[in-house]
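Data block below; observations after.
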Amino acid sequence: MLPLLVACAAGTSHAQDSTVLNNQIQLGDIFSTQTLNVVEVEEGVGAETIATGNSVLAGAEGVDMAITSNQTMAASAQAVTTANVSSGLGEASQINTIATGNSAEASITQATMTGVLSQIATFSPEVTAQGYVEAETASAGDLGVATTAMSNTASLGLRNGAAGVRVNQTSAAAVLADGGAVVQYVSGTADVSGVAAGNNVGLVGTDTSAARIAVSQSNTGDLVQASQFTAYGNAQTASTSAKAGGNIVGAVNEGPLLDVATNQYNEADVRAQAEGSAWQFGAGSATAFAVGNSTLAGNTGEAVALDNVQFNTGGGVEAIAGFTGQEGYDSYSRATAVGNDATAYSCSNCSGSMSIGNAQTNSADIGATSTTTVNGTGRLINSTSTAIGNNASFYVTRPGN
């Protein structure tokens, strides 16, 4: 059972501050496997396969909360989903596969949260998620296949609250999110996606919140890979995408202040590969995005501050995207590979301001390959390939722009 730590004292006149102390160590392998054998269904097929080493959830509403969490993953986590379909997938189907080493979620509402979240996966061999749909003689309406693998992930949520939190993440695990689909006929939309990350931190603040976070991430595993492959006989809309990142920080806020300090180090090979094909298609696309280190700090309020240090080395960052069709309408592929990426923005309508310190170093090879092929006839063909060593974007903008 996943640990659940919740404090709630909204509307209590003598509310006491809440304290959470969490220590978790996982030494044995975690594996979850699911196989669906389907002839034909009318409404659809739903499946979710999850494998997690350590998980903690903490939340408070109306009372301040201090959290200290230490998670150590010293084993492998593997989740595998296979759907074998011979005739029909029905109107709408969704197949989700998720593998995680350490997971932490903390949230605050109308109060203040402080804390330190530490996640260690330096002795974890691998984190693997695999999701497949084998339906070469079958039809489908709408189809979604989502495969996600992360060694360490932490999520912070604020609603009309304030936070001062430090997150420390170290990983040496090999991370793989592999999947795909083979379907004879898709009358609606087929969306097949894969996401892989060594270390991941997300923050979302709403309803006039303020946050200061400091994040330290080190990813020294051999490989972080997201790979997705699809093949259709006939598809109205077919999208195949893969995203892979060594270290990722994404913080967005609505309120007076967002202050983010990041230190990211990646030496893993990072690879994103998305390849799709359809004999006949209305719209077909393949998108691959790979990044060594990525930081986003966005505030639709008055001020954003970012102190960002990124170092990417190792075997390289590679993105491969390809779509092949025989005849149809619109087709495109897009491959983007970046060593270090940093973005920050604030709101100009709110007298927005920025304070930015940015240092990026990349010594790894960066490569992007995009291929779009239509062997017969088509209406539109579009292909984009972008490779960047270090990329930084900082701006003050109006909400919605």
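State which residue is farthest from ALA99 (Cα to Cα) when the search covers only region 192-212 and only residues that are more than 12 Å from the chain's Cα centre (by Cα) and surrounded by fewer than 24 Cβ atoms within 10 Å (Cβ to Cβ).
So the first thing to find is which residues in region 192-212 are more than 12 Å from the chain's Cα centre (by Cα), and the list is 192, 203-212.
With surrounded by fewer than 24 Cβ atoms within 10 Å (Cβ to Cβ) added as a condition, the list becomes 204, 206-208, 210, 212.
Working: VAL204: 22, THR206: 28, ASP207: 32, THR208: 34, ALA210: 31, ARG212: 29 Å.
Restricting to residues being more than 12 Å from the chain's Cα centre (by Cα) and surrounded by fewer than 24 Cβ atoms within 10 Å (Cβ to Cβ), the top hit is THR208.
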Would you check which residues across region 39-50 are touching a residue at least 60 places away in the same chain (Cβ under 8 Å) and either crowded, with 18+ Cβ neighbours inside 10 Å or under 13 Å from THR82 (Cβ atoms) (or both) and list them?
THR49
Within region 258-272, work out how many residues are surrounded by fewer than 21 Cβ atoms within 10 Å (Cβ to Cβ) and either touching an Asp or Glu at 6+ places or on another chain (Cβ under 7 Å) or within 30 Å of ALA92 (Cβ to Cβ) (or both).
1
Which residues, taken from region 169-211, are polar (S, T, N, Q) and closer than 24 Å to THR128 by Cβ?
GLN169, THR170, SER171, SER193, ASN199, ASN200
Failed condition for ALA129, given (1) surrounded by 22 or more Cβ atoms within 10 Å (Cβ to Cβ); (2) outside any strand (DSSP E or B)
(2)
Conditions: (1) hydrophobic (A, V, I, L, M, F, W, C); (2) within 25 Å of GLN78 (Cβ to Cβ); (3) touching a Phe, Trp or Tyr at 6+ places or on another chain (Cβ under 8 Å). TRP279 meets all but one. Number of the miss?
(2)
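Here are ASP269, ASP259: which of them is touching a residue at least 40 places away in the same chain (Cβ under 8 Å) and over 25 Å from THR336 (Cα atoms)? Show your work before the answer.
Values: ASP269 fails: over 25 Å from THR336 (Cα atoms).
None of the others qualify; the one that does is ASP259.
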Apart from one, (1) modelled with pLDDT of 95 or more; (2) on the phi < 0 side of the Ramachandran plot all hold for PHE123; the odd one out is (1)
Only one of these is over 21 Å from ALA75 (Cα atoms) and assigned to a strand (DSSP E or B): ALA244, ALA197, ALA177, ALA226. Name it.
ALA244
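Here is a list: ASP341, ASP365. Which entry is within 30 Å of SER209 (Cβ to Cβ) and free of Cβ contacts under 8 Å to residues at least 60 places away in the same chain? It would help to see each step written out before you state the result.
Numbers: ASP365 fails: within 30 Å of SER209 (Cβ to Cβ).
Unique residue meeting the criteria: ASP341.
Given the residues THR220, THR189, THR240, THR230, which is the only one that is β-branched (Val, Ile, Thr) and surrounded by fewer than 18 Cβ atoms within 10 Å (Cβ to Cβ)? Talk me through it step by step, then tell me what you get.
On the way: THR189 fails: surrounded by fewer than 18 Cβ atoms within 10 Å (Cβ to Cβ); THR240 fails: surrounded by fewer than 18 Cβ atoms within 10 Å (Cβ to Cβ); THR230 fails: surrounded by fewer than 18 Cβ atoms within 10 Å (Cβ to Cβ).
On inspection, the qualifying residue turns out to be THR220.
If you go through region 132-169, how many residues are closer than 19 Å to ASP222 by Cβ and in a loop (DSSP other than H, G, I, E, B)?
Here is the first cut: in region 132-169, the ones closer than 19 Å to ASP222 by Cβ are 149-152, 169.
Pick out the ones that are also in a loop (DSSP other than H, G, I, E, B) and you get none.
Of the residues in that region, 0 qualify.
I need the full set of residues from region 306-361 which are acidic (Asp, Glu) and buried (at least 23 other Cβ atoms within 10 Å of the Cβ), in order please. Spell out how you get there, then give the answer.
Keep residues of region 306-361 that are acidic (Asp, Glu), which gives 307, 318, 327, 330, 341.
Residues satisfying the conditions are GLU318, ASP341.
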Tell me which residues, restricted to region 209-221, are touching a residue at least 60 places away in the same chain (Cβ under 8 Å), in contact with a strand residue (DSSP E or B) (Cβ under 6 Å, 6 or more places away or on another chain) and part of a loop (DSSP other than H, G, I, E, B).
GLY221
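Report yes if THR114 is over 28 Å from ASP191 (Cα atoms) and touching a residue at least 60 places away in the same chain (Cβ under 8 Å), otherwise no.
Numbers: over 28 Å from ASP191 (Cα atoms): yes; touching a residue at least 60 places away in the same chain (Cβ under 8 Å): no.
Spelling it out, it is not the case that THR114 is over 28 Å from ASP191 (Cα atoms) and touching a residue at least 60 places away in the same chain (Cβ under 8 Å).
Give the residue that is modelled with the highest pLDDT, with candidates limited to residues of region 378-401 that are touching a helix residue (DSSP H, G or I) at 6+ places or on another chain (Cβ under 8 Å) and part of a strand (DSSP E or B).
Our first condition is that a residue be touching a helix residue (DSSP H, G or I) at 6+ places or on another chain (Cβ under 8 Å); within region 378-401, this holds for 396-399.
Going one step further and asking which of them are part of a strand (DSSP E or B), we end up with 396-397.
Working: VAL396: 87, THR397: 73.
So, considering only residues that are touching a helix residue (DSSP H, G or I) at 6+ places or on another chain (Cβ under 8 Å) and part of a strand (DSSP E or B), the one modelled with the highest pLDDT is VAL396.
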Need a quick list: strands (runs of 3 or more DSSP E) entirely within region 247-337 having at least 2 residues that are within 26 Å of GLY233 (Cβ to Cβ) and modelled with pLDDT of 95 or more.
269-299
Conditions first: (1) at pLDDT below 95; (2) at negative phi. SER93 passes all but one, so which condition is the exception?
(1)
Residues of region 48-78 that turn out to be under 23 Å from ASP17 (Cα atoms) and not small (Gly, Ala, Ser), as a count:
9
Output yes when any residue across region 57-69 is surrounded by fewer than 19 Cβ atoms within 10 Å (Cβ to Cβ) and within 15 Å of VAL127 (Cα to Cα), and no when none is.
no
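The values are calculated or read from the model by the stated rules, or taken from the named source; none is laboratory data. Owing to the predicted nature of the structure, the values given are computational and were not obtained by experimental measurement. In this analysis, Cβ positions are derived from the backbone assuming ideal geometry, glycine residues included, and neighbour counts consider all displayed protein chains.
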